[in-house]
Structures are given as structure tokens and as C-alpha cells.
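Encoded as C-alpha cells, the structure appears first; notes follow it.
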Amino acid sequence: MAYLDHAATTPMLDEALEAYVATAREVGNASSLHAAGRRARRRVEESRERVAAVLGARPSEVIFTGGGTESDNLAVKGIFWARRAARGDQVRVVSSAVEHHAVLDAVDWLAGHEGAEVGWLPVDAAGRLDPDRLRVELAAHGDRVALVTAMWANNEVGTVQPVADLAAVAAEHGVPFHTDAIQAVGQVPVDFAASGVAALTVTGHKLGGPAGVGALLLARDVAATPLLHGGGQERDVRSGTLDTAGIVAFAVAVEAAVKGQQEYAARVAALRDELVERVRRAVPEVIFNGDPVARLPGNAHFSFPGCEGDALLLLLDAQGIACSTGSACSAGVAQPSHVLLAMGADDDRARSSLRFTLGHTSTRADVDALIAALPAAVDRARRAAALRTPR
Amino acid sequence: MRVLAAMSGGVDSAVAAARAVAAGHDVTGVHLALARNPQTYRTGARGCCTLEDSRDARRAADVIGIPFYVWDMADRFHEDVVDDFVAEYAAGRTPNPCLRCNEKIKFAAVLDRAVALGFDAVVTGHHARLGRDGLLRRSVDVAKDQSYVLAVLTRAQLDRSIFPLGDSTKAEVRAEAARRGLAVADKPDSHDICFIADGDTRGFLAQRLGESPGDVVDAVSGAVVGSHTGAYAYTVGQRRGLHLDRPAPDGRPRYVLSITPKTNTVTVGPAEALEVSEVRATRPVWTGGERPTAPVECEVQLRAHGDVVPATVEVSADGLAAELRRPVRGVAAGQAIVAYRPDPAGDVVLGSATITG
């Protein structure tokens, strides 16, 4: 099998898996007062320190969560609620049109249920946000903005955003800035303090850790109202018995991913560039989506004119090639990607897209397998799509 | 062969897919998403269009061990089946949407797409036999037989269709599903129209066609005996829900004899006035082979699960005419007439056409 969907999830690193199993064999609730509890607590705190150290945060800024979606929800809703509670007219949320649904839907929910008003920042044809647009938005509404949330790197088209510039603009207006860095950590340099963001989402399973564990890095001076009430285990912002084994494995994976980022990015980007070049040769009409330079190293995203992405996916899947249409699913039905639509693509181009994402286990053989299968798949998908037009 | 199994989330299509695998085919499962908004379609266990059905189909595919995808056919389904359904009622006819779905979606849009993608055939869980001779026959389970709704298929469509369940009864299919560990083994059968959530066809039509009050006229006396809020809501042969103001002079029950959209009139009359001895139909499809040149002695069925009547079918310029050996009540325009040749190995579908009168 050629696994070209590392942005969906990537294999666990051996050291993370081993750390998980070793820790999971030990009993102990990190909140318990006895020796077993203290041992679990020590593992959690060591992990917190490891995560903080490699991501440029203080340990007290690391809030462990149940993964990326929870971290995004906690940041978006939690900061909104806290800011509104502090000042009733701070009800505007500024976000981007290309966010992951974990942010997008949380923002929409605030608009639909909590009276939030939303300022959506547009992107250019490469999916890139413009800090000047944020400046205009904050100049007009700055005193009423509860938070700005914009992703570090896009999960579909791989475009890396100018996060530090955006965060600086938000800071000028004293508005907390959250970034969903799920796709970025381990792929591009990410430093919490240096970036100037107030909150940052990271998750385990995109960087070689387990699924279902992640963190929100939350600056000490930023308040967030909890989503989950209970024991208050994490800074009273997040409750729930700590998943000691998951947290330990997460920390091992984050550390490995961040420390190995440069070497990884160089190797994977070279392989990705080869993939892109060979796809272009095999299917000359292909459109390469996203920013060609400011881009995640493992991401290659294309539109195949005249094809439907889900037909291509089926055909490639049958040849043992795993990729993604990169779009959200409802009942498994592919919707045209909101990211591509925001980039100005029309419905057909959005539906004709496929995402190939490389990762730490990717090899040239994966690319070879894709190139061997792709032309015939495109040919067939094109014939299938041609059936749609004449009625 | 490389085959595509259409999986509704029900027991029949799950077992059909499993049997296709057992027969040595390379099977891919596909669930057809037919609702533009799944929440608006029928919910619960009986549908073919809900998220729950999609999950059931996916789970069955997992158990069988085949790839599974959801194909979005909502727009096609809406245009070719739902809109057609409404337009047919508006024209005073009584459509059969399942038949239309087979004709336009499952064995057309889906089959064409499958073939373009490199599949050789489509497998469905219909209860009908399709043997090596290429003839479509009734299921051994006559009560569950679905050859009527498949009789619109052409030879070319049938050549690329596989119905693995035709030799089994429904009870056998359920037992096999249980044996194979398919959780849908005891899922209830679907009966109603999948895109009418609450089963209220009249309400569904009223929402789309609006209220249009008119007269209910007695065929015998010519008198106006009641009123209606939309002639489209009536079906020939219908007795209930007429809400007549006055009983008929002869005191006998009245039935809908005809619907005239032009004058927005529903005509009612006594049961015997419903009797029809000749049926005309259009758009014939000769499922069983060549278009006949001489009159055919056969049996005809005039609605799904309807009685079978011996008849002589003759091809006419604009379709066909069937002379029934005994009169039949409640023949509705828009339904299909399906001709069968009686056969001990399963009655053979000769062809079908859409009843015009």
C-alpha cells in the first residue's frame, strides 16, 4: 500500500508507542495523593515540560486535552466566553474562510447560539491570509473583538500562514490570537512565545503520537472559560482524568517531531517536489493548489480538470493508494471544499481535487506507485465525469 | 468480474453483496446518498436515505470485507425521481418512484458511472431472478418479488446487472444475514416512499403543488357531490378520504374513477365503473428480447403487488394495448403494465410500458 494521507493521520513513532505501552502498564491517577498517583503525576509533568520546551512555551501554558478538536473548541469558545464575561460588548470573532471545521463550526456555533458576530478574513488564490486585511478589520472593530483565530497551516492545500505577522496585528489591538497549528508542528518551525500568539492547538496523531490526546498552549494572561466542568485537573480550564499514557506518548512524539523537523522537512519536501513534478508530467492539465513556497513540506494538492475527486479516490484506492479529497464529509458524501471555494475555485475545480500528503514513513516507492496508477485513473474518472453533463 | 454492489443499508443488498463476493467477484460497495439534506428524508430503520442507513451499509461492507464509498446522487435523484413524481401527480397520474429510480438512477446514472470507472456490472438486492439465459424472472419468493419494478430495464441494462437473491426467500436471506454476522439481519423491510419522511404523500404533494380547490363530480348523475383541495392528491380506485357531502343516490360507495387536471375535477362513481378491460400504455421496453410483431398471449400486472390477469398484448404505433381476459378495477395512469410469460422456472418478464388509460 502507498499511504499518501499523512495529513489525515500518520503512523505512531516507535518510541511513542513504546512509551505509551510502558506507561499504560502502570496504575495511577495523576490526581491521587499516594505513590502510584505521584508517579503518574510526575510522568504528566515531565511530559508537560518536554512539550513546553520544544514548542517555546512555559510548562504552565500547556493544557492537555482530548485532541485537536477539543483544543480548538476550548480556545474559540473559552476565550470568547471569558472576554465577553469581562466586557459585554466584546462579541466579535475574527476568523479565516479556510479554517478546519473544528474552528469553523465552533465559530458558527457561537454566531448561531451565543450572539457572536463574525468577521471572516478572505484568502488569496494561494489560500494565504493578508495581515493588512486583519489590520483593517481590527481598525474597524478592534474594541469589540473577543478573539482572532487563524490556522498556522492549512490542512487541505498546505498553505502556511504568516502567523507571527497576524499575531502582531492582533497584539497591537490587544486582542488574543489563537492559531490551530495541528498541521504545522513538526512540519515547519513553531515557537509559541516567538510567534506572539495567545493560544495554540496541537494534536498527537498528526506527528507520530496517539489520537485522542493533544494540547492547547494558552498564555498565562489569557483567560478561557472551561468547556468541561469537573475536577479541574488542567489549570481549572480543562477537567477529566489525565490520560497519562497518552500524554507521555504525545510528549515523546512532539519532542521527536520538533527536534527532527528540519531534517524531516528537507527530506519530505524533496520527495514531495518529485511527486509534484511527476504528477505534472503524467497529467499535464493538472492544477497545483496552494502556495508554492509557503507550504507544508509533505503536502501536494491538485485539481484534475474534468474529474471528480471521489471517483479518483475510489480508483486509486483500488490500486492500493491512499489519498484524500481533503474535504469535509457529511454521511460520507464529498462536499466541495470550502477552502478551494474561498481561494476562488469554482465548484467543479473544488470537486476535482485530491490531496496527497507525505510523512515520516514515505518513500520514493510510494510516489512510484502513485505515478503508475494515476494516468489510467484520471482517464477513467474523466469518462465517468463526462456522463454528468448531457442530460 | 469487477462489480459494484449498491448497498442501501438494508438486509437484502447486504446479503447480495456478500453473495457476490462468495461467487468470486471483486466487489466494491456503494451507498447512494439520495437526499439533499439527509435529515429531511425518512428517519428510523426503514429508510434507504438516512445517515443511519449509510452507517448500516458501511458496517455491512466492513463485515463482508469490501471497500465502501458513498456516492452523492441527490441532484440526479431529485430531478429524475422526486420532481418527476410531483409532476406526474400534477398531471393526474400515479407514478411509481421505485421503478423510476431503477430506470434513471440505479441502472442508469449509477451503472453508467460504474462502467466508466471500470466495473463490469452492478449488484443489487432486488428479489428477482436473472439467469444465464438473460431473462428476468420473478423471485421464488412471490410475496417479495420485485420483478415489477425492474421491468423497465432494457436488455443492455440487464446485461450489466446481477441479482443474487432471486432464488431465495426473504426468510432465507435474513437467516443468511444472521449467519454472516450482518447486524441488519432483522432490520425491518422498507415499505413507504423513501423521500416522504412521514409517509404523508398528500401532504408532501400539497406542499409542492399548493392547494387548488375543485369539485368532486359523480359520474352517474353528473352532480357535484363534494370538493377537494387538490385533484393531484387522488388516485384512481381510491375510496377512502373522499369526504363527499352527499351520499350517492344509489347509496353505494363511491370510488375515484378519474382525475382531470385541466378542469381540476375528481370524478367518482360506483365500483363497477372502475372496471377496465383494455389498457393502453406508452414507452414500451421489451425486457425479454425483441419487440413482438404479433399479439402476445401473456399475463399482465398493472401495479406493484397487484393481481395478475391473463391478457393479449398487441404492439401499437404509440405503445401497446392489452386486452384483459377479465376486467380489473383501479387501473391508474402512470403505473406500469408489466407483461409476464408464465413459466414453471419463474414467470418471465417480457416487457413493460407506462399506462396511459
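The values are calculated or read from the model by the stated rules, or taken from the named source; none is laboratory data. What you are looking at is a predicted structure, and each value in this text was computed from that prediction instead of being measured. Positions of Cβ are generated from backbone atoms using ideal geometry, with glycine treated the same way; all protein chains shown enter the neighbour counts. Accessible surface is based on the protein model in full, side chains and every heavy atom, while ligands, DNA and RNA are left aside. Shrake-Rupley method; radii C 1.70, N 1.55, O 1.52, S 1.80 Å.
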Number of the condition not met by residue B:77 [criteria: (1) open to solvent by less than 10 Å² (accessible area, probe 1.4 Å); (2) within 22 Å of residue B:19 (Cα to Cα); (3) in contact with a Leu (Cβ under 6 Å, 6 or more places away or on another chain)]: (2)
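Looking at residue B:181, is it assigned to a strand (DSSP E or B) and farther than 27 Å from residue B:338 by Cα?
Details: assigned to a strand (DSSP E or B): no; farther than 27 Å from residue B:338 by Cα: yes.
Spelling it out, it is not the case that residue B:181 is assigned to a strand (DSSP E or B) and farther than 27 Å from residue B:338 by Cα.
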Residues in region A:54-68 that are in contact (Cβ under 8 Å) with a residue 60 or more places away in the chain, touching an Asp or Glu at 6+ places or on another chain (Cβ under 9 Å), assigned to a helix (DSSP H, G or I) and surrounded by fewer than 24 Cβ atoms within 10 Å (Cβ to Cβ): how many? 2
Members of region A:351-385 found to be open to solvent by 60 Å² or more (accessible area, probe 1.4 Å) and either within 12 Å of chain B (Cβ to nearest Cβ) or among the basic types (Lys, Arg) (or both), listed by number: A:351, A:364, A:376, A:379, A:380, A:382, A:383
What number goes with the only condition from (1) at pLDDT 90 or above; (2) out of contact with any strand residue (DSSP E or B) (no Cβ under 7 Å at 6 or more places or on another chain) that residue B:317 does not pass? (1)
Answer yes or no as to whether residue A:1 is at pLDDT 95 or above and of a type in the set (A, V, I, L, M). no
Among the residues of region A:303-325, is there at least one that is open to solvent by less than 50 Å² (accessible area, probe 1.4 Å), charged (D, E, K, R) and more than 14 Å from chain B (Cβ to nearest Cβ)? no
Among the candidates B:84, B:120, B:112, B:53, single out the residue that is open to solvent by less than 10 Å² (accessible area, probe 1.4 Å) and among the charged types (D, E, K, R). B:53
Given the conditions (1) at pLDDT below 95; (2) touching a strand residue (DSSP E or B) at 6+ places or on another chain (Cβ under 8 Å), and given that residue B:41 satisfies all but one, which numbered condition is not satisfied? (2)
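I'd like the residue in region B:183-228 that is charged (D, E, K, R) and touching a strand residue (DSSP E or B) at 6+ places or on another chain (Cβ under 7 Å) and, out of all such residues, is most open to solvent (accessible area, probe 1.4 Å).
Only one residue tops the list, namely B:215.
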Condition set among the charged types (D, E, K, R) and over 25 Å from residue A:208 (Cα atoms), scope region A:145-190, selection most open to solvent (accessible area, probe 1.4 Å): answer is A:172
Among (1) in contact with a helix residue (DSSP H, G or I) (Cβ under 7 Å, 6 or more places away or on another chain); (2) assigned to a helix (DSSP H, G or I); (3) more than 14 Å from every other protein chain (Cβ to nearest Cβ), which single condition is residue B:109 missing? (3)
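Output yes when any residue across region A:278-299 is within 22 Å of the chain's Cα centre (by Cα) and assigned to a helix (DSSP H, G or I), and no when none is. Give the steps one after another, and end with the answer.
So in region A:278-299, the residues within 22 Å of the chain's Cα centre (by Cα) come out as A:288-299.
Then keep just the ones that are assigned to a helix (DSSP H, G or I); that gives none.
Checking region A:278-299: not a single residue is within 22 Å of the chain's Cα centre (by Cα) and assigned to a helix (DSSP H, G or I).
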In region B:329-347, which residues are surrounded by 22 or more Cβ atoms within 10 Å (Cβ to Cβ) and part of a strand (DSSP E or B)? B:336, B:337, B:338, B:339, B:340
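Every residue, every condition in (1) more than 14 Å from chain A (Cβ to nearest Cβ); (2) closer than 30 Å to residue B:210 by Cβ; (3) without any contact (Cβ under 8 Å) to a residue 12 or more places away in the chain, yes or no:
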| site | (1), (2), (3) |
| --- | --- |
| B:58 | no, no, no |
| B:68 | no, no, no |
| B:77 | no, yes, no |
| B:98 | yes, yes, no |
| B:104 | no, yes, no |
| B:143 | yes, no, no |
| B:147 | yes, no, no |
| B:155 | yes, no, no |
When residues of region A:1-40 are filtered for being in contact (Cβ under 8 Å) with a residue 12 or more places away in the chain, in a helix (DSSP H, G or I) and charged (D, E, K, R), how many remain? 2
